[in-house]
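Working notes, beginning with the structure itself.
The values are calculated or read from the model by the stated rules, or taken from the named source; none is laboratory data. These numbers were taken from a predicted model, which means no experiment stands behind them. Using ideal geometry, Cβ is built from the backbone for each residue, glycine included, and neighbour counts are taken over all protein chains shown.
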Amino acid sequence: MRRVLILTACLLAVAGGCRKKTQPTDADKQKQPEAGANRDSSPSSGAWFSGGGKPAEGGTGDGPGRKAASTTVPFFEFTSPDGRFQAAFPFRQPSQRPRTQKTPFGMVTDTAFEVDEGKWSVLVAVGDWDTPQLKGVNLEQVADTGRDTIANALRARVASEQRTTNNGIITRHLVFEFLNRPGQGPAYFRYVIHGRRLYTLAILITGGTVADADRDRFFDSFRINR
C-alpha cells in the first residue's frame, strides 16, 4: 500500500518513477518553526497560485482577516532555484531531482521537489512542455491522462474535480478516495498549467488523513512568481 501511494505521489502526470528516500542534509535539519506559525493571505478559491512574493501574515480562507487554522506539523517556505515558484513544505525543505520519463505524449524531462517523511508524501513536480516534440500537446489532455492514471494506480475514485482559471493560469483540483481501504484518507492533487509549464502538486498520508489545515497550508502557499 505505501509503495503504491509513494510511487503515485512521484508522478508527473502520466508516467511514474520514484527514488529511494534520501536522508536529510544538515541544511534540512535547521531549527523548525512551531506548527501553525506561518499564515497565508490567499483564499482557497483557486486564486492561491496567482500571486507573487511571500504570503502576507494574518488571513486565509473565506474572508480578509480570518486566521489560518493551526497546522499539525511545521512548514518551511521554499523558493525554486530559478525563482519561478514558491511553496511551503511540511517538516523541511524538499529534496530536488531531475527526471526523464517516457509518456504517451513523448519523452518529458521534469524536476521533482519532494518531502517523504514517515507516512507523508508531498510533491511539487515541474515540467516544461516546450520542446519541438511536445509544444503541440494539449496540457489539459495531459492532466486528464494523469487523473485517470492516478485513479487506476491507486484503485481509487475521483471524489471531486474542479477546474479554475485566473489570469490565464488553469488549475485542476482533484480529490481521490479509497472506498475499500479502511483508515486511508483522501489523496489531494493539483495540476497547474502556466503557459507551456505544468506543475503537479500532491499531498497524502499513507494509512491516514491529511488534516484540512495542513492540506490548505500546502496548496494555498503555492505561488507562481513569473
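Among T149, T111, which is the only one that is under 25 Å from E177 (Cα atoms), of a type in the set (S, T, N, Q) and surrounded by 16 or more Cβ atoms within 10 Å (Cβ to Cβ)? Exactly one residue qualifies, and that residue is T149. Quickly run through the stretch 194-226 and pick out the residues that are touching a Lys or Arg at 6+ places or on another chain (Cβ under 8 Å) and aliphatic (A, V, I, L, M). Once the filter is applied, which keeps residues that are touching a Lys or Arg at 6+ places or on another chain (Cβ under 8 Å) and aliphatic (A, V, I, L, M), the stretch 194-226 yields L201, A202, I203, I205, I224. Being more than 20 Å from H194 (Cα to Cα), exposed (fewer than 13 other Cβ atoms within 10 Å of the Cβ) and in contact (Cβ under 8 Å) with a residue 12 or more places away in the chain is the requirement here; does P74 meet it? Judged against the criteria, P74 is not a match.
In the stretch 181-225, of all residues being more than 10 Å from the chain's Cα centre (by Cα), modelled with pLDDT of 95 or more and among the charged types (D, E, K, R), the one that is surrounded by the most Cβ atoms within 10 Å (Cβ to Cβ) corresponds to R217.
Quick check, is D116 surrounded by fewer than 22 Cβ atoms within 10 Å (Cβ to Cβ) and out of contact with any Phe, Trp or Tyr (no Cβ under 8 Å at 6 or more places or on another chain)? Lay out the reasoning, then the answer.
Working: surrounded by fewer than 22 Cβ atoms within 10 Å (Cβ to Cβ): yes; out of contact with any Phe, Trp or Tyr (no Cβ under 8 Å at 6 or more places or on another chain): yes.
For D116, the condition - surrounded by fewer than 22 Cβ atoms within 10 Å (Cβ to Cβ) and out of contact with any Phe, Trp or Tyr (no Cβ under 8 Å at 6 or more places or on another chain) - is met.
If you go through the stretch 85-111 and keep only what is assigned to a loop (DSSP other than H, G, I, E, B), free of Cβ contacts under 8 Å to residues at least 60 places away in the same chain and not aromatic (F, W, Y), you end up with just P94.
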